[in-house]
Amino acid sequence: MTKTQDAPRSREAELVNSARAMLPALRARAAKAHDDCMVPTETVAEMQEAGFFKVMQPKRYGGYEMDPEIFYEIQMTLAEACMSTAWIYGVIAVHNWQLGLFDPQAQDDVWKSDNSTLISSSYHPKAKVTPVEGGYRISGHWGFSSGVDHCQWAFLGGLVPLADGSGGTEFRTFLVPRADFEVLKVWDTMGLRGTGSHDVEVKDAFVPAYRTHKAKDGFAVTSPGLKVNSAPLYKLPFGQIFVRAVSSSSIGALQGALDAFRDYASKRVSSNDFSRTSDDPVAQTVTAETAVAIDEMKLTLFRNFKVLSDKTKTGQPLDLEERIRFRYQSAMVVDRCAKLISQMFYCCGAQGIYRDSPLVRTFLDIHTGRTHIANNPDKVGRNYGGFLLGKENTDTFI
């Protein structure tokens, strides 16, 4: 292998190693993030300095255009210490990929003067949209904008009337500057408190047409940004990239919980019958099941993106059945992690219910992450099963 080929791999390894080096600091700051309902600004600054947000950013703006596997590896590593940090990293950094799909002028609006500018989001179709010359006027109130305190722009969802007069609508993402939205500090939750996923409100803001992105372009891989960002990375479906950004942090968080549980259970002696947790067959079994599940979920994640990336790099069409299956596998992740950490939590006994228990915060964080609509496996599972039985696909977010 040549030195030129070695260089990207060296940078990839350096990024993952940098994430691992941050873990002690993230553990030390986790309580503050929880209490403040915000990942500390120094953490975001350190992630910026390490280059984490550049992983899938276009090279035109100083990004690395790396394969998604590196992005998810960094996210899962950060989650071993603080799932809130990993969650906002996943959501915000994936926006640097998504902005690459927008019209080039929209990319310039955000990054021309500062390519480190970050974007938050809330994709619920809450915008009240009025078409006007050159674009749209929008108003609305959106929830769950993770990491918004660290961002200067936002992606906000809305339904736009079709121009054919049919009365139909199409989903679009509107790119809105901080000056046009207000952050409403409402985030007071049981878990993932550090994500600071506050509400945002827009009151009659103008959004140029070029600062909108059609969902159907993300599905069909026909986004206007492909004119300038032609790397195979930007030909991957939005639905595949985003859903993994809100499920993969649970895998890393479960790994961190397993490490903590192994340390705790190896030393714990019951105050009731003086038995050792390490001798408990249930604890032994759940430890083994969790370790194997983490391995399986990571292998599936990396395998799926290798399949997708290989096809985009060689110009092969993406198979619809594969896309539906991969979507379902992503949706299953957090549900599976929630069940496994629950079993470990029960094995901790009554000593494990105190707030300073090493599993409590992660238990709450994973269960909170499970409530994200993209992490509900029921609907996507029914769609996948129906498709296998000959019915039409009903999900465009694949």
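The figures follow:
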quantity	calculated
Residue satisfying all of: in the range 160-209; in contact with a helix residue (DSSP H, G or I) (Cβ under 6 Å, 6 or more places away or on another chain) and on the phi > 0 side of the Ramachandran plot; surrounded by the fewest Cβ atoms within 10 Å (Cβ to Cβ) among these	196
Residues (touching a residue at least 24 places away in the same chain (Cβ under 8 Å), of a type outside the set (Lys, Arg) and closer than 18 Å to residue 219 by Cβ) located in the range 310-366	312, 318, 320, 321, 324, 326, 328, 330, 331
Residue check, residue 75 in a helix (DSSP H, G or I), crowded, with 24+ Cβ neighbours inside 10 Å and not small (Gly, Ala, Ser)	yes
Flag if residue 38 is buried (at least 17 other Cβ atoms within 10 Å of the Cβ), outside the structural domain of residue 374 (by TED's automatic domain parsing) and over 21 Å from residue 302 (Cβ atoms)	yes
Pairs where the first residue, in the range 16-41, is within 17 Å of residue 53 (Cβ to Cβ) and the second is at pLDDT below 95 and not in a helix (DSSP H, G or I), C-beta under 8 Å, 6+ apart	none
Number of the exception - residue 106 against (1) closer than 28 Å to residue 364 by Cβ; (2) touching a strand residue (DSSP E or B) at 6+ places or on another chain (Cβ under 6 Å)	(1)
Qualifying residues in the range 346-398 (those that are of a type in the set (Gly, Ala, Ser) and assigned to a helix (DSSP H, G or I)) - the one nearest to residue 79 (Cα to Cα)	369
Unmet criterion (only one of (1) surrounded by 23 or more Cβ atoms within 10 Å (Cβ to Cβ); (2) within 13 Å of residue 103 (Cα to Cα); (3) touching a Phe, Trp or Tyr at 6+ places or on another chain (Cβ under 9 Å)) for residue 229	(3)
Residues located in the range 210-226, provided they are among the small types (Gly, Ala, Ser), surrounded by 15 or more Cβ atoms within 10 Å (Cβ to Cβ) and not in a loop (DSSP other than H, G, I, E, B)	215, 218, 225
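The values are calculated or read from the model by the stated rules, or taken from the named source; none is laboratory data. Keep in mind that this is a model prediction, so the values were computed, not measured. Please note: Cβ atoms are built from the backbone with ideal geometry, for glycine as well, and neighbour counts cover all protein chains shown.
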